[in-house]
Structures are given as C-alpha cells and as structure tokens.
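This report refers to the structure that appears directly beneath it.
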Amino acid sequence: MRLQESGEMYLETILILSQKLEHVRSLDVAEHMGFSKPSVSRAVGLLKNAGYLLMDPTGYLTLTDSGRAVAEKIYERHNTLSQFFISIGVDEKTALEDACKVEHYISDATFERIKAFAQKEKS
C-alpha cells in the first residue's frame, strides 16, 4: 500500500519524537505537528490498521518495522534534500520548506542521484 504524504509525515514525526522522548503519544504528535487531537487520532487509527504503527494499552505509539522503514526513508530524504538545497544557495527556511514538499514525491532514482552528487561535492 502506497502511503499518502500525510501518512508519511505522521510516521516521520513519530520517528523524530521517538529520538527525543522516552514514549510518544498522540498528544505529542498533535503538538509537534500543530494538528488537532481528533485529526491525529484518526490518522493513528489508519496507520495502525495499515500495519505501520502500534499503540500499547497506555497509548504509547511505536513504529512497526514497515512504519520505521517508511519514516527513515522520508527523514533521510528530508535531511539530504534540505542540505543539498542549502549547499546550492537556497536560504535555510526555504530549503527546509521545499525539502518537506519534495521528499514525498521525488523518485527513488532521482533522489539517489542527488544524494550521490551531494556526497561527491562534499569530498
């Protein structure tokens, strides 16, 4: 199943929050993303049903292996693209905003070429 951009954003947010917090709850996701609790609850339910996310009885969220794979892929794209955009002279604010848009739609082949180019330029 191909996730929509919003699903990828939720998974990426849960990954980022799990690196900062001992436990991630829907409320943490809502606060981080600036979304309402009902919107996050609906998305969490959809992601759980699709097998990307688990919720324990206390409400703590955990990414499944497939959820973690998606989240890590999007997070890598975000970081790589934003750094690439900055390296070619885009201001940081715009680079971060554009990376957030592009990361969900760029093909694997194009992303890998940008990543290889950026790594070569660092050397």
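Between Val90 and any residue 5 or more places off or on another chain, the built amide H atoms are never under 5 Å apart. Spherically averaged projected area of the convex hull of Cα atoms, the chain: 8.3 nm².
Cα gyration tensor of the range 2-74, axes a ≥ b ≥ c as square roots of the eigenvalues: rounded (a/c below 1.5), prolate (a/b > b/c) or oblate?
rounded
Here's how it looks for Leu3: its modeled amide H is under 5 Å from none belonging to a residue 5 or more places away or on a different chain. Residues in the range 58-64 carry Karplus couplings, in order, of 8, x, 7, 9, 9, 6, 6 Hz; the curve used is 6.51 cos²θ - 1.76 cosθ + 1.60 with θ = phi - 60°, and Gly or Pro positions show x.
Please tell me the relative contact order of the range 1-111 in percent, rounded to the nearest whole number, where contacts are Cα pairs under 8 Å and at least six residues apart.
RCO, the range 1-111: 25 percent.
Simple spin-label estimate for Leu27 and Met55 gives 1.4 nm between the two label positions (7 Å along the Cα-to-Cβ direction from each Cα). The residue among Leu15, Thr58, Ser87 whose Cα reaches farthest toward the positive pole of the charge dipole of the chain, with charges on the beta-carbon of Lys, Arg, Asp and Glu, is Thr58. Dipole magnitude for the chain: computed about the Cα centre from +1 point charges on Lys and Arg Cβ and -1 point charges on Asp and Glu Cβ, it is near 180 debye. Solvent-accessible area assigned to carbon and sulfur over the chain amounts to 54 percent, based on a 1.4 Å probe.
The values are calculated or read from the model by the stated rules, or taken from the named source; none is laboratory data. On a predicted model such as this, the values are computed, not experimentally measured, just so you know. All Cβ positions, even for glycine, are placed from backbone atoms using ideal geometry, and neighbour counts span all protein chains on display. We work out accessible area using only protein heavy atoms, side chains counted, and drop any ligands, DNA or RNA first. Shrake-Rupley method; radii C 1.70, N 1.55, O 1.52, S 1.80 Å.
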